[in-house]
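Let me begin by presenting the structure, written as structure tokens, before commenting on it.
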Amino acid sequence: MAHSERHEELVAAVALGMPLGADRAELEAHLAEGCAVCESLLMDMREASAALGAAVPAAAPPPDLRRRILASLGPSRGSAEPPAAPAERPASPALWRVLAAAAALLLVVVVLDDAKMRREREDLRSRTADLAGRLRTTETELAQRVLRARVLESEDVQMMLLGGQGPQPGARARVFWSPTARRGVLVASNLAQLPSDKQYELWVFHEGKPVNAGVFDPDPQGRALFESTDFPQPLAQNFAVTVEPRGGVPAPTGPIVLVGKPA
Amino acid sequence: MARVEARDADALAALYDRHGGRLLGLAQRILGAGGEAEEVVQEVFLFAWRSASAFDPARGNVLTWLMIAARSRSIDRLRARKPASRPEVRSLEEVVDPPAAPDDVEAASASRQWEGICRAAVAELPEDQRKALELAYFEGLTQQEIAERTKSPLGTVKTRVRLGLMKLRERLRPYSKGGSDGA
């Protein structure tokens, strides 16, 4: 479909981090055809949105905030070390810009409260539909797994907030699950990258015991979308995420980084 | 950022000294003064510490990356509050300006310069466009919610958002890719 003002309206909403709901499919279809105007507009409008924030005057931080932040870091090296190798990127600048634009869509954290659950659920589904159409990286696999899940379409979907623990107090997550479909989706943010021999493992608590619900990796921005199937019956009571050897283990051995609280 | 990636805590401290006040100002603008805004800043720097290897300079400068992280976490917390407890949107004058760090005057000056450029660009927008953008950015409202709050038709709000961002984009174009303070 030809580029029109309406597409620019949708790009502007995306650049501001607004949920688009049903409109997302229209923009996704338009971008899938390749629209250079929209792609460059998205990048420019993102920068323009950032200007709204940059116009706010800086504040004077309390003196102990700096100390708290530095105290919360893990082990550090005082002397300079050579920087790690740069991340791989595709050769084509155009494709890289599209990936960056699509990654920008991921930067908006999915937030729910009870009253807005349906709208945000649709937004998550349509946002992941947008990703599946655009990306050619491992993020596509995550998005496709979420698409295939019927969790978000279930009428009895429930949600639990998970809070960061132990080594990752800043991590956050939500689990959406359908007791009847026995499937769930984890949406997490602020997860640290792990060494190559480790993975995050999701546990579902069933009659007080943790049951393995699958392993996953975060994206480079520390976010994860993970679909888990075959939850035990009856209703899952709680969820947790630990750090385990890559591939997962039958019972938790590693540190807990996320655990549930009642929503 | 390569030094932050190398787990040099001094580099993260320098990043904090350079941008921490700005991130706190943004979080306070959205959440109000108090512990939550400081928690957001703490989360963002912890996130930067853990994810420095993921930062790609081709996507934009460090400050924009940090501010996007701070803004999204702030809106996250704003929406998690019960509606009755959301603070009134504070005016800019209530946020205190910091003194420049004595050994970082140049960075502070460049950052304030960019602040001034952005503030002028936003102030030049027509009132209804600026209002719509601020409701979206600082309160995380949807276009429908903005229409209800401003008692305007939905289509008008969509046009204001689109035109407002396009005007900002044009106004900032001479300064882009090098105007704002990077690390």
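Bear in mind that the values in this text are calculations on the coordinates, not laboratory data. Quantities reported herein were computed from a predicted structural model and do not represent experimental measurements. Here the Cβ positions follow ideal geometry from the backbone for every residue, glycine too, while neighbour counts run over all protein chains shown.
The table below gives the values:
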{"item": "Enumeration of residues in region A:182-209 that are of a type in the set (Gly, Ala, Ser) and over 16 Å from A:PHE226 (Cα atoms)", "result": "A:SER196, A:GLY208"}
{"item": "Failed criterion for A:ALA2 (all others in (1) closer than 28 Å to B:ALA37 by Cα; (2) part of a loop (DSSP other than H, G, I, E, B) hold)", "result": "(1)"}
{"item": "Search result, residues across region B:133-155 that are assigned to a helix (DSSP H, G or I) and within 8 Å of chain A (Cβ to nearest Cβ)", "result": "B:LEU133, B:GLU134, B:ALA136, B:TYR137, B:PHE138, B:GLN143"}
{"item": "When residues of region A:15-42 are limited to those that are outside any loop (DSSP other than H, G, I, E, B) and closer than 20 Å to B:LEU125 by Cα, the one farthest from the other protein chains (Cβ to nearest Cβ)", "result": "A:LEU42"}
{"item": "Elements of type strands (runs of 3 or more DSSP E) contained in region A:172-231, each with 1 or more residues being out of contact with any helix residue (DSSP H, G or I) (no Cβ under 6 Å at 6 or more places or on another chain) and within 14 Å of another protein chain (Cβ to nearest Cβ)", "result": "A:172-178, A:183-189, A:198-206, A:224-228"}
{"item": "Search result, residues across region A:43-65 that are under 22 Å from the mean Cα position of the chain (by Cα) and more than 7 Å from every other protein chain (Cβ to nearest Cβ)", "result": "A:MET43, A:ARG46"}
